[in-house]
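Input: a single structure, listed below in structure tokens.
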Amino acid sequence: QTSYHFENLVVTTQVGIALYDITPQIEGVLERSGVTNGAVNVISRHTTTALTINELEPRLVDDVRQFLAKLVPADYPYLHNDLQYREIPVPFVGKWPDDEPINAHSHILAMLMGQGESVPVHEGKLVLGTYQSVIFLELDGQPERQRKIGVQVHGLK
């Protein structure tokens, strides 16, 4: 029997570029779905976050954070950061909120990295390599934000 199951995961993020292993939460969604063979699609639901599959070794995480900060520096004069020239979107009226982030670099990093991953499911388990994890990346660096990640499992029960 073909089955579809969707859940949102929520990750509370820290300041700065941060990486989170969400593999255990995805495995929980897979288990609750009852799917034994199929796929899991994962999507970040924010424009300043990303997803990838890789190793989450602490020194590699530091290397990734440093590399991303050099690749797309936060202090570059991006046009997106000039709030006085941008249209103010609904629901804001007349002015930007005081806490509007200056975050063009985060949007650019998210575009480069991608915001979705698909993982095969075989015999009720994610098909990942020995050292692979599904990694959620916070790229905006605002403190303690609640970030949503959509997880859809589809396949045979």
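Whether a residue is β-branched (V, I, T) and open to solvent by 10 Å² or more (accessible area, probe 1.4 Å) was assessed, and I149 does not pass this test. Looking at T23, T13, T47, just one residue is buried (at least 16 other Cβ atoms within 10 Å of the Cβ) and under 19 Å from S106 (Cβ atoms), and that residue is T13. When L30 is tested against (1) over 24 Å from R145 (Cα atoms); (2) open to solvent by 60 Å² or more (accessible area, probe 1.4 Å), just one condition goes unmet, and that condition is (2).
Screening the candidates P73, P97, P77, P89 for the property of being exposed (fewer than 15 other Cβ atoms within 10 Å of the Cβ), of a type outside the set (S, T, Y) and under 12 Å from L139 (Cα atoms) yields one hit, P73.
Filtering region 23-40 to residues that are on the phi > 0 side of the Ramachandran plot and either basic (K, R) or under 17 Å from the mean Cα position of the chain (by Cα) (or both) leaves nothing. Between L128, L139, the distinction of being closer than 12 Å to T48 by Cα and either of a type in the set (V, I, T) or open to solvent by less than 70 Å² (accessible area, probe 1.4 Å) (or both) belongs to L139 only.
For the structure I just gave you, tell me whether A18 is surrounded by 12 or more Cβ atoms within 10 Å (Cβ to Cβ), among the hydrophobic types (A, V, I, L, M, F, W, C) and touching a Leu at 6+ places or on another chain (Cβ under 6 Å). No, not satisfied.
The values are calculated or read from the model by the stated rules, or taken from the named source; none is laboratory data. Every value quoted in this text rests on a predicted model; they were computed, and no experiment measured them. All Cβ positions, even for glycine, are placed from backbone atoms using ideal geometry, and neighbour counts span all protein chains on display. Keep in mind that these areas ignore ligands, DNA and RNA; they rest on the heavy atoms of the full protein, side chains included. Shrake-Rupley method; radii C 1.70, N 1.55, O 1.52, S 1.80 Å.
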